[in-house]
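The values are calculated or read from the model by the stated rules, or taken from the named source; none is laboratory data. Just so you know, these numbers come straight off a predicted model, no measurement behind them. Every residue, glycine among them, receives a Cβ derived from its backbone with ideal geometry; neighbour counts consider all protein chains shown.
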């Protein structure tokens with residue numbers, strides 16, 4: 001039986017060029033009680049062979065196709081028993097005490113179900129590969145118009161984000177999940193919502209956790225680097241179509257599943273104004289992404305079923321959730 005405290009789950013897709021540094025950092029962790037799992041989403045770059053040859057202690061799970069972010073991590077979560085699961089992107093590189101800091105913080109706060117640290121950006125790294133103190137991510141906020149905000153992204157770290165804080169959501173690049181929270185918020189064996197495929201799963205699971213009475217904690221002493229593939233400042237034409245479509249679909253799945261009616265109606269002017277901008281942009285510039293609306297309609301019955309399950313487990317008052325909308 002696996003007796004490790006932490007199961008490290010890495011879902012990879014053509015990530016061979018990242019995994020040497022990523023896995024070296026994982027095995028350099030001061031918290032030693034870990035089991036490492038790599039689910040390979042049918043990569044064409046020899047990822048699985050590379051990991052098998054260079055990191056024999058890693059358990060490799062092979063998918064016969066790209067099953068997406070959430071479904072990949074769900075497979076790892078289901079086959080492990082560790083009390084914590086570290087969900088880690090293939091292009092995220094942790095400082096040696098990252099896991100130790102998060103585990104200690106969560107052990108000290110039993111109602112914290114999700115925790116994350118301070119990630120520095122490698123998008124414009126120095127020639128020596130360092131991040132030059134530019135932040136990739138601290139946590140995720142949500143606006144009244146239901147747009148997620150990657151807090152402090154692109155900012156220079158000058159000590160403004162050095163205190164632990166309860167936050168609305170934790171980004172999925174490097175996040176520690178408590179297993180008891182995962183079991184509490186799962187739906188029919190799904191921890192991450194597999195209908196999302198890619199994008200906003202981290203906001204969704206954090207929102208569900210908040211509704212069920214769990215907390216999300218930002219722990220700045222847990223640090224790492226991240227080479228984020230896409231940011232909100234990138235031109236949408238540079239983003240693969242599947243991700244552009246999912247960004248539309250998943251926006252509405254988030255609200256349909258998790259939003260409280262009184263909050264939705266209260267913020268409806270903000271939501272409608274933003275949605276009109278999105279729809280106008282798609283009509284004029286990106287008609288291929290209009291199919292995201294059709295996908296929402298197809299998924300509506302499943303989303304409604306999930307919503308009923310989530311709301312049946314709601315343990316916080318409406319005012320607690322309302323405070324998070326910026």
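Looking only at residues that are assigned to a helix (DSSP H, G or I) and under 18 Å from the mean Cα position of the chain (by Cα) in the stretch 85-102, which one is nearest to residue 216 (Cα to Cα)?
Restricting to residues being assigned to a helix (DSSP H, G or I) and under 18 Å from the mean Cα position of the chain (by Cα), the top hit is 102.
Please tell me if residue 90 is assigned by TED's automatic domain parsing to the domain that holds residue 200 and either under 23 Å from residue 151 (Cα atoms) or free of Cβ contacts under 8 Å to residues at least 24 places away in the same chain (or both). Steps first, please.
Working: assigned by TED's automatic domain parsing to the domain that holds residue 200: yes; either under 23 Å from residue 151 (Cα atoms) or free of Cβ contacts under 8 Å to residues at least 24 places away in the same chain (or both): yes.
So residue 90 passes the test.
Output the number of the condition that residue 67 fails; it satisfies all remaining conditions of (1) surrounded by fewer than 20 Cβ atoms within 10 Å (Cβ to Cβ); (2) within 21 Å of residue 204 (Cα to Cα); (3) at pLDDT 95 or above; (4) in contact with a strand residue (DSSP E or B) (Cβ under 8 Å, 6 or more places away or on another chain).
So the condition that residue 67 fails would be (3).
Residue by residue through the stretch 28-51, note down the ones that are in contact (Cβ under 8 Å) with a residue 12 or more places away in the chain and in a loop (DSSP other than H, G, I, E, B).
28, 29, 30, 31, 33, 42, 43, 44, 45, 46
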